[in-house]
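All of the numbers you see were taken from the coordinates with simple rules; none came from a lab. Since the structure is predicted, the reported quantities are computational estimates derived from the model, not experimental observations. When we count neighbours, we look across all protein chains shown, and the Cβ atoms used for this are built from the backbone with ideal geometry, even at glycine.
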Amino acid sequence: MFNIEEFDIKLDTEFIGRSFIYCDEVESTNSLLLSSKEFSQHGTVLLAEYQTKGRGRKGREWNSNPGQNLTFSILLKDDFKGVRINTINFGAAVAVAQSIENLYQLNVEMKWPNDILIDKRKIAGILLESSSKGNVINKIVVGIGINVNQPNFPGKFDIPPTSIRKEFHQLVSREKLLSEVLNNFEVILNLAFNAPDKILNDWRSRCKMIGEKIKIVDNDKIIFGIFEDIDQDGFLILKTAGKKEKIHFGDLNLR
Ligand code: BTN
């Protein structure tokens with residue numbers, strides 16, 4: 001059982017998580033916040049103990065044992081004019097990484113576009129979704145799944161999963177971790193408006209694949225090249241025979 005009081009005492013934000021909804025079971029915290037008219041306050045956080053249809057990138061499932069991990073979404077309803085939305089995605093990954101590093105001194109690595117790894121195993125993922133009115137984005141939902149206390153992960157995975165418990169060799173407080181992530185995310189969100197390059201540099205500093213020979217797989221298409229950098233929108237710059245390609249989607253593997 002998630003202890004809301006323990007979480008609230010550690011929450012040090014102005015608006016992120018100040019409206020907090022805790023549910024036993026939902027289809028997906030992202031879907032609920034995206035469609036809900038009831039939950040509309042900027043910064044609302046919806047945490048569910050279990051998702052029956054938790055979603056990952058590219059229509060994949062996000063499965064997580066009930067009551068052991070963190071599966072939550074953050075609703076942003078700001079004026080996003082001039083903000084490169086992808087920096088919010090990268091910013092969420094940086095907030096999760098900083099929190100795991102600060103609380104458990106674990107070495108966190110980023111994998112483009114939105115995977116968070118420890119020792120090549122996936123510890124967390126981000127799914128950012130938005131809705132628009134006309135051409136204007138009016139709602140962003142940042143969905144975050146963190147494997148916290150799950151002891152094992154039966155099944156087949158593209159990237160093998162791990163949890164903080166497995167890496168830190170102790171059960172950890174989900175309340176403390178969630179408040180730390182939200183505290184860090186609020187600071188980073190301000191950077192998305194004022195200093196987006198700082199977010200991208202923080203992300204780059206944790207991405208060991210930059211400079212490496214990689215393979216991008218997108219459905220039946222495979223492209224080989226060198227991972228040169230990410231650009232200011234967070235797209236991957238791939239160096240292939242004499243030219244540079246901007247990659248928007250796909251799964252990345254070392255060659
Ligand atoms: C990925 O790695 O592909 C992204 C995973 C994102 C999972 C989180 S869990 C909370 C939120 N609700 C969802 O349905 N998905 C995100």
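Tabulated data
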quantity	calculated
³J(HN,Hα) computed for each position of the range 77-93 - Karplus, 6.51 cos²θ - 1.76 cosθ + 1.60, integer Hz, glycine/proline x	10, 8, 8, 8, 4, x, 9, 7, 4, 4, 5, 5, 4, 5, x, 5, 5
Cα gyration tensor shape for the range 127-246, rounded if a/c is under 1.5, else prolate or oblate	oblate
Fewest-first sequence of Ile144, Ile222, Ile159, Ile126 by Cβ atoms within 10 Å of each Cβ	Ile222, Ile159, Ile126, Ile144
Proxy reagent accessibility, fewest Cβ within 10 Å first, across His169, His42	His169, His42
Expected 222 nm ellipticity per residue - DSSP helices of 4 or more, -39500 (n - 2.57), all of the chain, to 500	-8500 deg cm²/dmol
Cα-based shape type of the range 213-254, given that a ≥ b ≥ c are square roots of the gyration tensor eigenvalues and the cut on a/c is 1.5	oblate
R0 of 35 Å, Cβ-Cβ distance Ser19-Thr240: FRET efficiency to nearest 0.05	0.15
Neighbourhood net charge (9 Å Cβ-Cβ; Lys/Arg +1, Asp/Glu -1) for Thr44	+2
Shape call, the range 19-135: gyration tensor on alpha carbons, a/c limit 1.5	oblate
Per-selection Kirkwood Rh - the chain (Cα, Å, 1 d.p.)	18.6 Å
Relative contact order (%) - criterion: Cα under 8 Å, at least six apart; region: the chain	19 percent
